[in-house]
Amino acid sequence: MNTLHLKALLLAIESGSISAAARKLGKKQSQVSQWISDLECDLGVTFFERTGNKTVLSEQGACLLPNLVHSLSQLERFIQSADTLAREEPTVIRVGIENYLPDSAFVASLAEVLAHSSLNIEVYRDDKAQLQADLQANALDVMLIHESDIAHHPQFEYARLGYYREVLVCGAEHPLAGLAQVSSQALSQYRELVWGREQTMEDEPSEGCDGFSPSYGLFSELAPLVALLSANQGFAFLPEDSVKAQVSAGTLVRLSCDFELPAIERRVELCWRNGFTLSERGSAVVSAFRAHHQLVTS
């Protein structure tokens, strides 16, 4: 059974005539008519009812049409996949995102990547060290992380993106909300709610681990932390986008510090495995992250 014959049959059904299908294929009508007749003989069914010069889809043809459309669609996907493999193009892209990066850093980029119907994508979150290990082991194609202190990554390729802003917030009726400016001494009197620290304050100190209060609450999920803030429990430094709705609604208040800028800039890096952008799809994925990461760049 010839694939071109099946395509000719579908074209004849869609266009309403064998002659129209022949024109689209650049073939003679008699040749296309013979192809369809051969299919009818091979399958033992009748696709068209022919009355004089008029050709209409038969009842059997109507029953088989959905299968024909599906089969040719799957065949096209099969051909595309085979072509991708022949050109060594990736069919699955694995993306790792560091824990506690706000959604605004990657949602638009992932949406563009997902628009490629023939490309599958696997996304997961983990800590930076694990993502870097996965990338070096080629178990990951792309990772999005907070900017590191390393000036250059020799193990993989990378690009500095923009940054997101982190703001100090508390509940609207919390005592800190009544202060024109908040000092570190004032913060130390209340509990700090922390989103996603990978070490507690009692562990060995590391970058970004020193808190503003001896009393803290550590949360791996953002929603319960924000709920407690709205209930006037403690204060927190959080991504501005993550609390924008609550600040607009008046349930949370942005605080001004005498020891920090109004918003802290947290820079973001995009990293990808060596050779990934040599493929057309790999290059498109990296371009999507670089163009649509939705971070502040100025």
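The values are calculated or read from the model by the stated rules, or taken from the named source; none is laboratory data. Computed from a predicted model, the values in this text were never measured in an experiment. Note that each Cβ is placed from the backbone with ideal geometry, even for glycine, and that neighbours are counted across all protein chains shown. Areas reflect the complete protein model, heavy atoms only, side chains present, ligands, DNA and RNA absent. Shrake-Rupley method; radii C 1.70, N 1.55, O 1.52, S 1.80 Å.
Applying a threshold of 8 Å to beta carbon distances and a minimum spacing of six or more residues, or different chains, the list of pairs starting in the stretch 113-138 at a residue that is over 16 Å from I93 (Cβ atoms) and ending at one that is of a type outside the set (D, E) and open to solvent by 80 Å² or more (accessible area, probe 1.4 Å) reads Q132/Q155; Q136/Q155. Restricting the stretch 243-281 to residues that are assigned to a helix (DSSP H, G or I) and either modelled with pLDDT of 90 or more or of a type in the set (D, E) (or both) leaves a set whose member that is farthest from G196 (Cα to Cα) is E280. Checking every residue in the stretch 123-131 against the condition of being part of a strand (DSSP E or B), surrounded by 12 or more Cβ atoms within 10 Å (Cβ to Cβ) and among the hydrophobic types (A, V, I, L, M, F, W, C) gives at least one match. Scanning the stretch 26-56 for residues that are at pLDDT 90 or above and of a type in the set (A, V, I, L, M) returns V32, I36, L39, L43, V45. Every listed requirement among (1) open to solvent by 60 Å² or more (accessible area, probe 1.4 Å); (2) outside any loop (DSSP other than H, G, I, E, B); (3) closer than 17 Å to G282 by Cα; (4) not hydrophobic (A, V, I, L, M, F, W, C) is met by N138 save one, (2). Pairs are defined by a Cβ separation below 7 Å, a sequence spacing of at least 6 or placement on different chains, a first member in the stretch 67-79 that is modelled with pLDDT of 85 or more, and a second member that is assigned to a helix (DSSP H, G or I) and open to solvent by 80 Å² or more (accessible area, probe 1.4 Å); the pairs so defined are L72/K7. Residue count for the stretch 1-40 satisfying the condition of being more than 42 Å from the chain's Cα centre (by Cα), under 14 Å from S58 (Cα atoms) and surrounded by fewer than 16 Cβ atoms within 10 Å (Cβ to Cβ): 1.
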